[in-house]
Amino acid sequence: MSGQSFLGARFIGNLSSGDTVELRVDGIEPGVGADADVWAYLVSYYDAADALWKPACAAADGSALSAIPVAGRWDYRQGVPGGGAKVDDAARFTFACEGAAIAKCVRFGYRPWGTTADGLSLADHHQACTRMVRADFCGDGTSHTTDGQWVNLHDGVNVQTDTEAWLHEAEWDADGARCFTQTTRAAQAVSCPGQTQRTQCGQWAHFQAGTLIMSEVPPAQ
C-alpha cells in the first residue's frame, strides 16, 4: 500500500501507560512544492468508553489537526536520563501532531529522513530541534518553556539562517543544550546538575565543534 491507499488504514497505537489504542486514518494531505516529501494525515482514535472515534491530534477548540508520520519513537519521560530522547525503533513510527515539537521541526526543514546538500543526515538536527523547541536544556525530557514564547533558531548547514538580531539563548545538539545563557525562555533559572557548560555560548565557531542549532530570544521590552 502507498499514497492515498492508506485512507481508512488502521493501526495499533502505544500509550505511555503501556496500554494500546486503535487508530484510523481519516484523511490524507499530500505534500506539495518544497514540502512534497511531507504528507499529513488526519488520524482518529477509538474511545472505547464513549464508543466514538475522536481526533488523535486536536486544537484547543477540539477541532482535528493533522499528523506527520516519523520513523521511530520518543521517550516521553521527564526529569530522568533518556527523557525526550529519540529511539530508533524499526518496528514503530510516530504520528507527530502538527503544532507540537516533532512536527514543528519537520516543518522547519529538519527532515529526519533528509540530508543536507553535502549529504549530511538531518536526523540529529531534527532531534536537537525538538530539544530546542521544548527548551529541554538539561536533555532529560523536561520542558522549561510555555506556549506563546518567541524563539529564533539557526544552524551551520543553511536549513535555517539567522534572521533576527536577538539575544543568544543556547546551543543545542541531540542530547540537549550544550550551553545556555542567563537569557532564556524559562520562567525560573535553569540548573543542570552534573553537566559541564561550554563557555562563550553563541559563538559561530561552535558549529564546527558539535553544536547543531543555536537559539535566540527577543530582547526584553
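The values are calculated or read from the model by the stated rules, or taken from the named source; none is laboratory data. Keep in mind that what you see is a predicted model, and the values were worked out from it rather than measured. Cβ coordinates were reconstructed from backbone atoms using ideal geometry, including for glycine residues, and neighbour counts include every protein chain displayed. Surface areas here come from the heavy atoms of the whole protein model, side chains and all, with no ligands, DNA or RNA. Shrake-Rupley method; radii C 1.70, N 1.55, O 1.52, S 1.80 Å.
Taking all protein chains together and rolling a 1.4 Å probe, Met132 ends up with roughly 0 Å² accessible. Centre-to-centre, using Cα atoms only, the range 1-43 and the range 168-221 are separated by 35 Å.
Protein-only accessible surface at a 1.4 angstrom probe places the residues Arg131, Arg77 in the order Arg77, Arg131, largest first. Under the criterion of Cα pairs below 8 Å and six or more residues apart, the relative contact order for the range 81-160 equals 31 percent. Computed from the alpha carbon positions, the gyration tensor of the chain leads to an equivalent ellipsoid with semi-axes of 32, 20, 16 Å, biggest first. With a cut-off of 11 Å on the backbone N, the residues of the range 196-221 near the modelled label site 7 Å out from Thr183 along Cα-Cβ are 216-221.
Extension gain, Cys192 to Ala117, is 23.5 nm, computed as 0.36 nm per intervening residue step minus the present C-alpha separation. Rolling a 1.4 angstrom probe over the range 101-221 with all protein chains present gives an accessible area of which 48% lies on carbon and sulfur atoms. Residues in the chain average 55 Å² of solvent-accessible surface per residue, probe 1.4 Å, ligands and nucleic acids excluded. Between Val87 and Gln4, the contour length at 0.36 nm per residue exceeds the Cα-Cα span by 27.1 nm. The local environment of Ala36, defined by Cβ-Cβ distances under 14 Å, has a net charge of -1 under the rule Lys, Arg +1 and Asp, Glu -1. If you sort Trp204, Trp74 by accessible surface, 1.4 Å probe, largest first, the order is Trp204, Trp74. Tyr46 exposes around 80 Å² of accessible area when a 1.4 Å probe is run over every protein chain in place. Here the sum of -39500 (n - 2.57) over DSSP H runs of 4 or more residues, divided by the residues of the chain, equals -2500 deg cm²/dmol at 222 nm, to the nearest 500. Rounded to the nearest 10 degrees, the inclination of helix 123-133 to the longest alpha-carbon principal axis of the chain is 80 degrees. When only Cα pairs under 8 Å and 6 or more residues apart are kept, what is the percent relative contact order across the chain? Computed value for the chain: 13 percent relative contact order.
Size descriptors for the range 112-221: radius of gyration and Dmax over Cα atoms are 13.3, 41 Å.
Going by the alpha-carbon gyration tensor, a ≥ b ≥ c the square roots of its eigenvalues, is the range 1-81 rounded (a/c under 1.5) or, if a/c is not under 1.5, prolate (a/b greater than b/c) versus oblate? Verdict is oblate for the range 1-81.
Beyond 13 Å, what percent of the Cα pairs of the range 48-98 remain?
Of all Cα-Cα distances in the range 48-98, 69 percent exceed 13 Å.
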